[in-house]
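Please treat every number below as a calculation from the coordinates, not as lab data. Quick caveat, the model's predicted, so the values are computed rather than measured. Neighbour counts run over all protein chains shown; Cβ positions are idealised from the backbone, glycine included.
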Amino acid sequence: MSGPSKYQPTTAIGQWFHERLPIVAFAKDHALDFPTPKNLNYWYTFGGILAVMLVVQIITGIVLVMHYTPHTDLAFSSVEHIMRDVNYGWMLRYLHMNGASMFFVAVYIHMFRGMYYGSYKAPREVLWMIGVIIYLVMMATAFMGYVLPWGQMSFWGAKVITNLFSAIPFIGPDVTTWLWGGYSVDNPTLNRFFSLHYLLPFVLAGIVILHIWALHVVGNNNPTGISVKSDKDTVPFHPYYTIKDGFAIVAFLVVYALFVFYGPNYMGDAVNYVPANPLSTPAHIKPEWYYLPFYAILRSIPNKLLGVIAMFSSILILLVLPWLDTSRVRSGKYRPIFKLEFWIFCIVCVALGFIGSKPPEGSYVIWGQILTVYYFAHFIILLPLMGLLEQPKAAPNSISEDVLAHSANKMMAAK
């Protein structure tokens, strides 16, 4: 995807600047003229949506920090001050709070799309692994941000999650004490989380740039999973995908705005509007919705250490996904057994999220254990076996052939 730039400045000033810092040529070659498969559907627009949401989160976060006080005696009241006294503070907070949820909605769609179309397969293994690292940094950033309002669920969520590190043999108690900054969740903990929550989005932005760089080295995957074979298989990113991505971004922002203005607390927890009280434990402690599947895995295993290992393994296993899928066919579009198993896996993930939102008692525990076994079986057993035993359908010879066949089918259907 690299080569000599075709950009030629048309003015003397442009030429002077180009010779010293060819940033315009770089942007033109890697953003506007970048050759992109001509058959990308709307599932591929979520990368652009995520970039926009990251910018929204950073900007709203910077403004909120101007009015927030990271102290256990003042944090809750400072958030109320933002909501009630700062001009449009309520909107900034709701944009940031719901922006985190919408960020995770987009990243989950982005990840599942990559899993369905085999975007993790060679030569995109490093691209996929960087994406998983982005997801891990997102989870850490969101968790620390959830603690900052210093409500009941913030405090007890921090206490429960940080306590998990104490299960690590030998070093666990020391790690937990370091995270707390003492011997309990208190003011030093809040200061640590505030500092890291402010820093990590900028780290995340840097990793995202690395992710985009890796994408531009190997090029986009596409719904067929077939590699680009000629210039006929691609179109310039602009104007074809800038318009398509722009439309998808606007549509996503409309949904985002509906939550911000009409249901700002729909994805939150009412308990977090009560100031943190170390002497009053909520009846049911649970994290934000985007952590619930992993929380269900943690609780499904009675042993604390094994539960922590299972929870972290359920995320880290994504790093080795390119080597667990043994199929020579990239796209799930041509893999009938995989396609069925993929949708079952999606249902299992949603069901784990539902189990994670419920108290760990009765049938919820049993179902959590069953679904946890299936979750790991999908990666460790089913994916390798399907790659060996499945008979995939015939794929087209090129991307252009697929596009032409799709256009012909639409014309036949119209008749």
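How far, in nm, would the chain grow between LEU21 and ALA140 when pulled straight, counting 0.36 nm per residue and subtracting the alpha carbon separation?
Length gained between LEU21 and ALA140: 39.2 nm.
To the nearest Å, what is the center-to-center distance of the stretch 165-187 and the stretch 87-112, using C-alpha atoms only?
30 Å
Test of understanding: what is the full-extension gain from LEU306 to LEU340, defined as 0.36 nm times their sequence separation minus their Cα-Cα distance? List each step's numbers first, then the result.
Values: separation 34, 0.36 × 34 = 12.24 nm, distance 3.04 nm.
Fully extending the segment from LEU306 to LEU340 adds 9.2 nm.
Expressed as a whole number of Å, what is the distance separating the alpha-carbon centroids of the stretch 302-352 and the stretch 54-75?
Cα centroid to Cα centroid, the span is 35 Å.
Where in the stretch 228-311 are there chymotrypsin sites (Phe, Trp or Tyr not before Pro) that are in a DSSP coil and have at most 15 other Cβ atoms within 10 angstrom of their Cβ?
TYR266
Provide the FRET efficiency to the nearest 0.05 for the LEU199-LEU404 pair, computing r from the beta carbons and using R0 = 56 Å.
Working: r = 50 Å, r/R0 = 0.89.
E between LEU199 and LEU404, to the nearest 0.05, is 0.65.
Might you report the magnitude of the Cβ-based charge dipole of the chain about its Cα centre, with Lys and Arg at +1 and Asp and Glu at -1, to the nearest 20 debye?
960 debye
Tell me whether the stretch 257-415 comes out rounded, prolate or oblate; compute the Cα gyration tensor, take square roots of the eigenvalues as a ≥ b ≥ c, and use a/c under 1.5 as the rounded threshold.
Values: a/c = 3.15, a/b = 1.65, b/c = 1.91.
Verdict is oblate for the stretch 257-415.
Name all residues of the stretch 262-291 having a backbone nitrogen under 12 Å from the label point set 7 Å from the Cα of GLU80 along its Cα→Cβ direction, giving them as ranges.
Residues 273-276 qualify, since their backbone N sits under 12 Å from the label point.
Hey, what's the per residue convex hull volume over the C-alpha atoms of the chain, in cubic angstrom? Each step should come with its number before you reach the end.
Numbers: hull volume 80.9 nm³, N = 415.
Cα-based convex hull of the chain, divided per residue, equals 195 Å³.
Between HIS284 and ILE171, take the C-beta separation as r, use R0 = 45 Å, and let me know the FRET efficiency to the nearest 0.05.
That gives a FRET efficiency of 0.90.
Just name one of TYR7, VAL175, ALA158: the one whose Cα is farthest towards the positive end of the charge dipole of the chain (beta-carbon charges, Lys/Arg +1, Asp/Glu -1).
Farthest towards the positive pole: TYR7.
In nm, what is the difference between 0.36 nm times the number of residues separating ILE62 and SER363 and their Cα-Cα distance?
Working: separation 301, 0.36 × 301 = 108.36 nm, distance 4.42 nm.
Taking ILE62 through SER363 to full extension adds about 103.9 nm, to one decimal.
Just in the stretch 320-415: which GluC sites (Glu not before Pro) are loop by DSSP and have at most 10 other Cβ atoms within 10 Å?
GLU361
Tally Lys/Arg at +1 and Asp/Glu at -1 over every other residue whose Cβ is under 15 Å from the Cβ of PRO384; what's the total?
0
Among LYS229, LYS339, LYS38, which one shows the highest mean-square fluctuation when the chain is modelled as a Gaussian network with alpha-carbon springs under 10 Å?
LYS229
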